[in-house]
Amino acid sequence: MKRQLLYLLAAFLIPSFCWGQWKQAEIPPSYRRKVPTTKIDDAQVTVYYAFNAKDIKDESTYIDLGWLQVGKQYTKYASYFVAHSDSTHQPKLIKNGAASGYAPQDFGGRYPNYWSEYQFDEIYIKDGQLTEYAFMPANLEKECCQYTETCPTQQWTLSDETKTIQGYMCQRATCHWRGRDYEAWFTQEVPIRRGPWKFGGLPGLIVNISDSKMEYTFELVKLEKTKRPIMTYDFSRFRKVSREHMLKLQKKINVNWVRVLSPEAGAQFKNRPYEQLELE
């Protein structure tokens, strides 16, 4: 049995994929995601961002397609690929029972069906507070966790430099935030002071943003001004932890997820180099 377990783990761990310096390890996704069950708001605007895309015109070259939903009370940022997969597999969940769980499948991107915190985390902002919920990979569901902090604000330096991106007149801004230097392009033509992930605070929507090493890049794909519900999951089983605890755990998983699952089995595999988006 132990040998079979090691063989299975090795099948996931031998390959790795690279984009710049950013590593995508072959880590199986969470098997216990449930479809959203509660509507918390209506999004007035939905913005889609390609994450680490090789070709912005080809969705299959994205690591992920994130979507920013902006409502009157809540702002939510999550993976559209994963949300679409949840919706697609809802009939299976209903048929097998709500307690059965299932593995998301076919949610697109360059490396489908593998876990990344940037696909399997959900970020909600309300009343100046940001809460991040982390779905951990297969067999580590007990480690699913959450934290809340005052919504972070980057200290931006605005430039006079402008250019047109996706039909929007954009202005350049830079900042240093949580260990990285960033360049952002924002547009005042869309008066939303948000962007992908946890970025915001500029006098307009962030259209593109990347760090100076080009390890993490978010690019606007499209914007919809269509009313649609903002849904949430049942997060009652997610442990409350600090942001620092969550970051350390996610890094350990990316470096050697088998070691987190089983220290004895994980010792058989080399650690992977990995630098998170938030370095501090």
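The values are calculated or read from the model by the stated rules, or taken from the named source; none is laboratory data. Being a predicted model, the structure only gives us computed values, none of them experimental. Using ideal geometry, Cβ is built from the backbone for each residue, glycine included, and neighbour counts are taken over all protein chains shown. With ligands, DNA and RNA removed, areas are computed over all heavy atoms of the protein, side chains included. Shrake-Rupley method; radii C 1.70, N 1.55, O 1.52, S 1.80 Å.
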Taking a ≥ b ≥ c as the square roots of the eigenvalues of the Cα gyration tensor of the stretch 160-223, is the shape rounded (a/c under 1.5), prolate (a/b larger than b/c) or oblate? prolate
Solvent-accessible area, 1.4 Å probe, carbon plus sulfur percent, for the stretch 104-163: 41 percent
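Let me know the shape class of the stretch 111-152, please: from the alpha-carbon gyration tensor, a ≥ b ≥ c as square roots of the eigenvalues, rounded when a/c is under 1.5, otherwise prolate if a/b is greater than b/c, or oblate.
Oblate is the answer for the stretch 111-152, as a/c is 1.5 or above yet b/c matches or exceeds a/b.
What does the extension gain come out to for Lys248 and Glu26, with contour length at 0.36 nm per residue minus their alpha carbon separation?
Details: separation 222, 0.36 × 222 = 79.92 nm, distance 1.89 nm.
So the chain would gain 78.0 nm between Lys248 and Glu26.
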As a Kirkwood estimate from alpha-carbon pairs, the stretch 218-280 has a hydrodynamic radius in angstrom of 15.3 Å
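With charges only on Cβ, +1 for K and R and -1 for D and E, what is the dipole size of the stretch 239-280 about its Cα centre, in debye, rounded to 20? Could you put the intermediate results ahead of the total?
Details: 9 positive and 5 negative charges, 31 e Å.
That gives the stretch 239-280 a dipole magnitude of about 140 debye.
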As a Kirkwood estimate from alpha-carbon pairs, the stretch 149-259 has a hydrodynamic radius in angstrom of 16.3 Å
Dimensionless Rg ratio for the stretch 146-186, taking C-alpha atoms and the 2.2 N^0.38 Å reference: 1.45
Among 123-134, 158-169, the order from most to least packed when residues are scored by Cβ within 10 Å on average: 123-134, 158-169
What accessible area, in Å² to the nearest ten, does a 1.4 Å probe give for Glu59? 100 Å²
